[in-house]
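Taking it in order: structure first as structure tokens, then the write-up.
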Amino acid sequence: MNNRLLIIEDNEQNMYLMRFLLEKSGFAVIGAENGRKGIEMALQCKPLAILLDIQLPEMNGYEVAAELKKHRDLDEAPIIAVTSYAMVGDREQILAAGATGYIEKPINPETFVAEIIEYLPKKQGADHAA
Amino acid sequence: MNNPDIKPGSFSSSIAILAVAVAYAALAKASFLLTIPPGNITPIFPAAGLALAAVVILGPKALMGVWIGSFLANTLFFLDGSTSPAQSGPINVLIGALIGVGAALGAAAGAFFIRRFCKDEHPLQSGKNVLLLIVVGAFGCGMISPTFGVLSLIWGGILPWERFGYSWVTWWVGDAVGTLVVAPLVLAWQHRHAFRTHLWSRAEAVVLGSTTLLACFFIFFRNIPYGYGLLPLILWAAFRFGMCGASTIGAIIALLATIGASRGSSPFVGTTTNESLLFLNSFLGVTITSALFMAGMMEERKQAAERMFKLNRSLRAISECNQALIHASDEMALLNRICRLVTDIGGYRLAWVGFAEHDEHKSVKPVAQAGFEDGCLEALQTTWADTGRGQGPIGATIRTGQPRVVHDISANPDGAPGSAEAFKRGAVSSLVLPLKTAGRVLGVLNIYSEKSDDFDPEETNLLIALADDLTYGIVALRTRAQQGQAETALRESEERLRLLGDNLPDSYVYQCTEEANGTSRFICLSAGVEKLHGLKVDDVLRDATLLRSQIAPDLLPALQAAEATSLSNLTDLTMELRMQSADGQWRWIQVCSRPRHSSAGQVVWDGVATDITARKQADEARQAMEQRLAESEREYRELVMLANSIILRWAPDGRITFLNEFGQRFFGYTAEEICGRHIIGSLVPENETDGRDLRSLIQKISDDPQKFERNINENMRRTGERVWIDWTNKVVADAEGQIKEILSIGSDITERKQAEEQVHRLNEDLRRHAETLEQRVAERTSELAAINDEQRAIFESAGTGIVLLRNRVIVRSNRKLEEIAGYDPGELAGKSTRIWYPDEASFQAGREMVYARLATGETLRREQQMARKDGSLYWVRLSLRAFDPNDPLKGAVGIVEDITDEREAAENLRQALEAAQAADRIKSAFLATMSHELRTPLNSIIGFTGILIQGLAGPLNPEQHKQMSMVQKSSRHLLALINDVLDISKIEAGQLNLARAPFELTPSIEKMVKLITPLAEQKGIGVEMDIAPEVGAIVSDQRRLEQVIMNLLGNAIKFTEKGRVRVACRLENDHYLLSFADTGIGMKPEEIPGLFQPFHQIDSGLTRKHEGTGLGLSICKKIIDLMGGSIDVASQWGQGSVFTVRLPRQPGETV
């Protein structure tokens, strides 16, 4: 059963935090520290969902989301933006770029996993919630 | 059989079949109940009779009903009943069906023979037919059913073979007697004529019925053995009440006899079943057969007698009517007599005659009647128009000319109004006969009978003959009456004419003709000839020349010529003739006559001669007088009209009576307009131009004209133009010397008068002008000097430069302009405009543009750079306008403002704005970066603290847990602070853009309450909601509004230690009112004003207790303001606070 989640995040602490929380909940987490690598891994591993930071080196989160959207075989995997961009219009801009979900940093460690599951395609979501 | 009462199609076949089946089954059941001892055998089977009657009446389709009825009766009542051996099952159904077939076949055969032999007659109409019914219908064909039935029972095993003969006979006898009883009963009643029973006849029927019942009671129930004593009763019924009576009494006897027998009390109960059967059936058979036969014979005789009677009475009626026709002299009397004869002699119930009127309604006018009350026929308003009401027999007869018979009015008594009236008066059938002459229907003769079907063809033909005779009589009477009237009219007309002719005053009328030899002859003459000519009428009629010889001889040739013309052209002849009458007196006679061809082919003149002597004399006298007057008038008129002076005549009261043609032209009036008007106000004004009162002058002239033989005064034309006239006045007096009128003759002297005045006025003007001229020159000079000084002062002291240009040279400039440009006073004058431009090129370009613009006539306004005397540049605003746009070089005036300072200030402002905008952009970018940069480390702090507290990384000891919780609390506070500061910044920078979308308000409130409830419960505070039902959609920013709700709820809970928090929402006009009430610490009045300020802290002590950024309310207020709403607070220290948010349901355009 596929329970892989891909996290694209350049900040080491944040990556560690999210990986910790998700692995504790039984997900297999793969991480990429920049966009290009993230796209490669997504195509290779077909993750259940992609957690995407917006401020990334070289290629920003908007570009990554747009690029991911081009690949039809990734259609099922929701892109969930996890970002510190919380200014006016950031949320709308990110959703317009192709993200399915938006979680503002700092994350709430008590609810974060539940929020992620909420965005997963329902079948798998139900499995993990149990 | 041809019976109009039987209409097989008039009710549905299936209902008929069902009715037959039910009746059959019911009768069968009844007969199964009435069995006779000792063997309990059904003695008579009336259902068989019903079957035969039904098939005769309804035809073959009734067979199905018979079969069903029989089948039902046998399967339901008999085969499953107690009388049969204990056997059941499908075989019984089959037996029942076969018995039914037998019953149907028997009825079919009987009906076939009856119909076959009776043909069109009724089966009970004659003795022969009755016999047929009894022998063939009842006994003959009655064998079919038992044969089928008994064989079926034997086949089915219900009956043994040995019983065949016995069963067959009892069955057959039962069916035959049943048929004898029921079939005639049904047929007779069904065929019953619509008849009216008389009281006596009803009483007789009651006596007969009760006697029969009484006799039956004694015989059948008290067992008195005089059964044949009933025979006289049934014969009585047959004689007196025909077939209906006989069959009814027969049926009663049969029923009671059977009941009696079944009770065992009857004289017909024998020792064996066979004996009982024989007794009962032979009794019934003999009794009913003889009664029916008797009734049939009676019926036959009665019909024959009736037919004879009817023919007889018709013939008598016709004979009487023909007598009446021969003796008739008056049409109405005749018609009434005929009607009476038809009823009295002909024996019909009613009769009336109606004429077909050719009026608007095509009404049928009743003219004679017998048997109706007066007026009742008129009230019917019968019509023969081809409309709904005219569709009755009367209308149809009039339209077609064919007689109509209504056999039975009672079948459709409302069919026609006439029929309904007749029906009320006892009529049952009617005959309508046309009164027809030369293809035209004059009207109808209606005859009504009290019997139905009373008009057979023979009788109808006789009555048609009667109607034709009647028509002939009417026509003959009318012709005779018309002839008589014509003769009388002619006589009266002749008498009137004679009186007319004889009584003409001074005239007579005549008719004359010309004989073959050319002489005239009078055909008739009226009496006046004697008075006019002194000749006797008879003499002149004999000899016309007597009259001709009186004519003056000189007129004779003209008369002859006129006569010849009139004769040949047939034109009127009119002449006035001078004639000497027999007494020698000459008279003028006017002759007027008109020729025509008489029936004999001659020309006849109808004429009138009138004595016109008196008129002739009067005419001559008048002519002579008129001629004299006309001559006199002409002479006078010529004199007056041709005069070259104004000739005016007026009465002493001032009214104008005459103005000659010259005068009319002069003043501009026509004679009709001026004559009759007062002289003052028309020709003479009330006052002269210089004031003389002309009214009094005219008064003086009319008072004493001699004194004013001549006067000169002002007059006026129609146009109002004043003219001067020199008048000579002359009085015209009447016989008594009274002034009758004044004759004024005038001549126009206006021009002379005007010339005099002109000279005088000119002299006067000259003198006055000379005096004033010098004075005026002096005044004007001083005025101009003053104006000049003023203008110069303005020019010199103006705050802007003013310059006058001519031909691109400065003609004059004020001091200000010299100062602006850096020149000394007066230095600019005479310089070219080139000095203003920094170089030659700009001078050329500016010059072209400026003068092109000036040539349009508009004021040129532009800002441009100019050069000072020292060569430095400065900015001016220039307004320039040419005096004459067609030639701008000729002169232009310009205003020059130095705007160097102004331009510098504007430039500084622009730079400052740019700097501010740049600073703002930097600030926004800084804020965004700050937000991002602060969140990133906070993410780790909050995240890991959470992990540790949750124990995800391993257990913590209580001290560690407490410390980590402190870190978590602090970091969350820091996050809230960042969020709020960002919100405030965004709002203040105007960057907070609100969404605008409709959403339901109630769920939003509920969601926020649900989110906050755990916090409230933690503190033991209840949260109540009171949302009015009308609260619905709102157009706003859902997230921001929820943020506000959350904030206010959070505040309420935060500041409340016990009690409750209450959220209410309701609709007020176009606004929602959201209130958040708590029972917390509340506020002091002085704390309220600064509540919504950012970083407002109510009390430093409280801040410690109630953590918060102090920005929440400020943000709420700003968001609500942006949404176009308002937020208010009401609070009491220690009691609690109420925050009220007022939000528009739809944001206004300005929001």
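The values are calculated or read from the model by the stated rules, or taken from the named source; none is laboratory data. What you see is a predicted model, and the numbers here were worked out from it, not measured in a lab. Virtual Cβ from ideal backbone geometry, glycine too; neighbours counted across all protein chains shown.
The set of residues in region B:915-933 that are within 12 Å of chain A (Cβ to nearest Cβ) and farther than 18 Å from A:E12 by Cβ comprises B:S924, B:A925, B:F926, B:L927, B:A928, B:T929, B:M930, B:S931.
The rows are residues; the columns are (1) part of a helix (DSSP H, G or I); (2) modelled with pLDDT of 85 or more; (3) surrounded by fewer than 16 Cβ atoms within 10 Å (Cβ to Cβ).
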residue: B:F666; (1), (2), (3): yes, yes, no
residue: B:Y669; (1), (2), (3): no, yes, no
residue: B:E673; (1), (2), (3): yes, yes, yes
residue: B:G691; (1), (2), (3): no, no, yes
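So B:R972 clears everything in (1) at the interface with chain A (Cβ under 10 Å from one of its Cβ atoms); (2) farther than 19 Å from B:L1049 by Cβ; (3) part of a helix (DSSP H, G or I) except one condition, right? Which one? (2) is the only condition that B:R972 fails.
Please determine whether any residue of region B:224-242 is among the hydroxyl-bearing types (S, T, Y), over 30 Å from B:R192 (Cα atoms) and surrounded by fewer than 15 Cβ atoms within 10 Å (Cβ to Cβ). The answer is yes, given that some residue of region B:224-242 is among the hydroxyl-bearing types (S, T, Y), over 30 Å from B:R192 (Cα atoms) and surrounded by fewer than 15 Cβ atoms within 10 Å (Cβ to Cβ).
Could you please let me know if B:L927 is at pLDDT 90 or above and in contact with a helix residue (DSSP H, G or I) (Cβ under 9 Å, 6 or more places away or on another chain)? Judged against the criteria, B:L927 is not a match. If you go through region A:19-37 one residue at a time, do you hit one that is at pLDDT 90 or above, within 14 Å of chain B (Cβ to nearest Cβ) and in a strand (DSSP E or B)? Among the residues of region A:19-37, not one is at pLDDT 90 or above, within 14 Å of chain B (Cβ to nearest Cβ) and in a strand (DSSP E or B), which makes the answer no. Specify the residue that is farthest from the other protein chains (Cβ to nearest Cβ); the eligible residues are those in region A:78-101 that are at pLDDT below 85 and under 21 Å from A:Y16 (Cα atoms). Among them, the one singled out is A:Y85. Checking B:D453 against (1) at positive phi; (2) part of a helix (DSSP H, G or I); (3) not β-branched (V, I, T): exactly one of these is not met. Which one? Unmet condition: (2).
Residues of region B:343-363 include at least one that is part of a helix (DSSP H, G or I), in contact (Cβ under 8 Å) with a residue 12 or more places away in the chain and of a type outside the set (G, A, S).
Looking at this structure, is B:Q391 at positive phi, among the polar types (S, T, N, Q) and under 35 Å from the mean Cα position of the chain (by Cα)? Taking the combined requirement at face value, the residue does not satisfy it. Residue count for region B:583-619 satisfying the condition of being in contact with a strand residue (DSSP E or B) (Cβ under 6 Å, 6 or more places away or on another chain) and not in a strand (DSSP E or B): 5.
Considered as a group, the residues in region B:186-201 that are modelled with pLDDT of 75 or more and of a type in the set (S, T, N, Q) include one that is farthest from B:R240 (Cα to Cα), and that residue is B:Q190. Restrict the check to region B:1024-1035 and report whether at least one residue is part of a helix (DSSP H, G or I) and either within 14 Å of chain A (Cβ to nearest Cβ) or touching a helix residue (DSSP H, G or I) at 6+ places or on another chain (Cβ under 9 Å) (or both). No, because not a single residue in region B:1024-1035 is part of a helix (DSSP H, G or I) and either within 14 Å of chain A (Cβ to nearest Cβ) or touching a helix residue (DSSP H, G or I) at 6+ places or on another chain (Cβ under 9 Å) (or both).
For region A:36-46, what are the residues that are under 14 Å from A:M15 (Cβ atoms) and in contact with a helix residue (DSSP H, G or I) (Cβ under 9 Å, 6 or more places away or on another chain)?
Across region A:36-46, the qualifying residue is only A:G38.
Helices (runs of 4 or more DSSP H) wholly in region B:118-226 with at least 3 residues that are within 30 Å of B:L98 (Cβ to Cβ) - which ones? By residue number, B:144-155, B:164-191. The set of residues in region B:996-1021 being loosely packed, with under 15 Cβ neighbours inside 10 Å and either among the hydroxyl-bearing types (S, T, Y) or touching a strand residue (DSSP E or B) at 6+ places or on another chain (Cβ under 8 Å) (or both) consists of B:R996, B:A997, B:P998, B:E1000, B:E1006.
For region B:859-878, a tally of residues being without any contact (Cβ under 8 Å) to a residue 24 or more places away in the chain and charged (D, E, K, R) returns 3. For region B:320-345, filtering for residues that are exposed (fewer than 13 other Cβ atoms within 10 Å of the Cβ), over 60 Å from the mean Cα position of the chain (by Cα) and not hydrophobic (A, V, I, L, M, F, W, C) leaves 2. Against the numbered list (1) touching a residue at least 40 places away in the same chain (Cβ under 8 Å); (2) touching an Asp or Glu at 6+ places or on another chain (Cβ under 8 Å); (3) within 14 Å of chain A (Cβ to nearest Cβ); (4) not acidic (D, E), B:Q950 comes up short only at (1).
Here is a check on your reading of the model: is A:D75 acidic (D, E) and within 14 Å of chain B (Cβ to nearest Cβ)?
Answer is no for this residue.
This table checks each residue for (1) in contact with a Phe, Trp or Tyr (Cβ under 9 Å, 6 or more places away or on another chain); (2) aromatic (F, W, Y); (3) free of Cβ contacts under 8 Å to residues at least 60 places away in the same chain; (4) closer than 26 Å to B:A215 by Cβ.
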site	(1), (2), (3), (4)
B:C244	yes, no, yes, yes
B:T272	no, no, no, no
B:S276	yes, no, no, yes
B:E300	no, no, no, no
B:F309	no, yes, yes, no
B:H327	no, no, yes, no
B:L334	no, no, no, no
B:R337	no, no, yes, no
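Residues being farther than 30 Å from B:S970 by Cα and surrounded by 15 or more Cβ atoms within 10 Å (Cβ to Cβ) are entirely absent from region A:8-25.
Could we say that B:L79 is in the same structural domain as B:L131 (by TED's automatic domain parsing) and at pLDDT below 85 here? Spelling it out, B:L79 is indeed in the same structural domain as B:L131 (by TED's automatic domain parsing) and at pLDDT below 85. Could you tell me whether B:I787 is assigned to a helix (DSSP H, G or I) and either outside the structural domain of B:A892 (by TED's automatic domain parsing) or within 60 Å of the chain's Cα centre (by Cα) (or both)? Yes: the conditions hold for B:I787. Looking only at region B:297-320, decide whether some residue is farther than 15 Å from B:Y448 by Cβ and assigned to a loop (DSSP other than H, G, I, E, B). No, because not a single residue in region B:297-320 is farther than 15 Å from B:Y448 by Cβ and assigned to a loop (DSSP other than H, G, I, E, B). Under 7 Å between Cβ atoms, which residue pairs at least 6 apart in sequence (or on different chains) link something in region B:34-57 that is under 10 Å from B:G174 (Cβ atoms) with a partner that is at pLDDT below 75 and buried (at least 24 other Cβ atoms within 10 Å of the Cβ)? From region B:34-57, the pairs are B:P43/B:I36. Restricting B:A651, B:A624, B:A643 to residues that are at pLDDT 80 or above, loosely packed, with under 15 Cβ neighbours inside 10 Å and of a type in the set (A, V, I, L, M, F, W, C) narrows the list to B:A624. Taking B:I802 as the residue in question, decide whether it is part of a strand (DSSP E or B), of a type outside the set (D, E, K, R) and under 30 Å from B:R847 (Cβ atoms). Answer is yes for this residue.
For first residues located in region B:1053-1078 and in the same structural domain as B:S1137 (by TED's automatic domain parsing) and under 20 Å from B:S1004 (Cα atoms), partners that are assigned to a helix (DSSP H, G or I) and among the β-branched types (V, I, T) and lie 6+ apart or on another chain with Cβ distances below 7 Å form the pairs B:I1053/B:I1012; B:V1061/B:I1053; B:V1063/B:I1005; B:V1063/B:V1009; B:C1065/B:I1005.
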